[in-house]
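To start, the structure itself, in structure tokens.
The values are calculated or read from the model by the stated rules, or taken from the named source; none is laboratory data. Source: prediction; values computed, not measured. Don't worry about glycine lacking a Cβ; one is built from the backbone with ideal geometry, like all the others, and counts go over all protein chains shown. These area figures cover heavy atoms from the full protein model, side chains too; ligands, DNA and RNA do not enter into them. Shrake-Rupley method; radii C 1.70, N 1.55, O 1.52, S 1.80 Å.
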Amino acid sequence: MRRAVCPGSFDPIHNGHLEVIARAASLFDEVIVAVSTNYAKKYRFPLEERIEMARETLASLRGIVVEPVGEGLLAEYCRQRGVSAIVKGLRSSSDFDYELPMATMNRQLSGVETVFLPAEAHYLHLSSTLIKEVATLGGSVSEYVPRSVLKRLLAGAP
Ligand code: PNS
């Protein structure tokens, strides 16, 4: 059983995330979408809602589960669940600069490898931050987020 984890804040989950998660699911037997809470960050959606949006969106896909990371280290979470790889999408060299130290630290902490998947060209510009800003200012993001996310974003739009 090859198990991978796709970790992130998912505030909210968007189509760029979903594309990477689907590709991870084609490479591994099981993918855990692990939703994190970093208390230094200010989130638009509370943890329960970020998990709910991911679950609603991924419900029809086999071999994918969504759960919270909890408060500890991702490396420890991976060790406890027998996760063989962390899967991350890369949009740019700045993503790589951000991800590489974490990948190295996670491997040194628990032996878990990180697998980077190049983001699909159509989604290279997507980030949860940009999507929230555009939606809040009345722009259309329907092309970039699943329906359950769009509904919630529109609830807060002008
Ligand atoms: O979507 P994000 O906010 O960029 O995701 C960051 C995440 C969840 C991957 C990172 O913050 C993380 O791994 N958090 C768990 C705590 C941890 O293990 N920190 C040390 C990382 S080497």
query: Within the range 18-42, can you find the residues that are in contact with an Asp or Glu (Cβ under 9 Å, 6 or more places away or on another chain) and either within 21 Å of M102 (Cα to Cα) or part of a strand (DSSP E or B) (or both)?
result: V20, I32, V33, A34, V35, T37, Y39, K41
message: Being over 16 Å from the mean Cα position of the chain (by Cα), among the acidic types (D, E) and under 26 Å from K132 (Cβ atoms) is the requirement here; does D97 meet it?
response: yes
query: Taking the stated definitions as given, is E71 open to solvent by 70 Å² or more (accessible area, probe 1.4 Å), more than 8 Å from the ligand (Cβ to nearest atom), more than 19 Å from A24 (Cβ to Cβ) and touching a residue at least 12 places away in the same chain (Cβ under 8 Å)?
result: yes
The range 87-105 residues that are near the ligand (Cβ under 8 Å from one of its atoms), paired with ones that are aromatic (F, W, Y) and not in a helix (DSSP H, G or I) (beta carbon under 7 Å, 6 or more apart): K88/F116
query: Which of the residues spanning the range 2-52 are among the small types (G, A, S) and more than 11 Å from the ligand (Cβ to nearest atom)?
result: A4, G16, A22, A24, A25, S26
- line: Here the qualifying pairs (Cβ atoms under 6 Å; residues six or more apart or on different chains; first in the range 2-16 and farther than 22 Å from S140 by Cα and open to solvent by 10 Å² or more (accessible area, probe 1.4 Å); second assigned to a strand (DSSP E or B) and not small (G, A, S)) come out as R3/E30
statement: Going through (1) surrounded by 13 or more Cβ atoms within 10 Å (Cβ to Cβ); (2) assigned to a helix (DSSP H, G or I); (3) more than 16 Å from the ligand (Cβ to nearest atom) one by one, V141 fails only at (2)
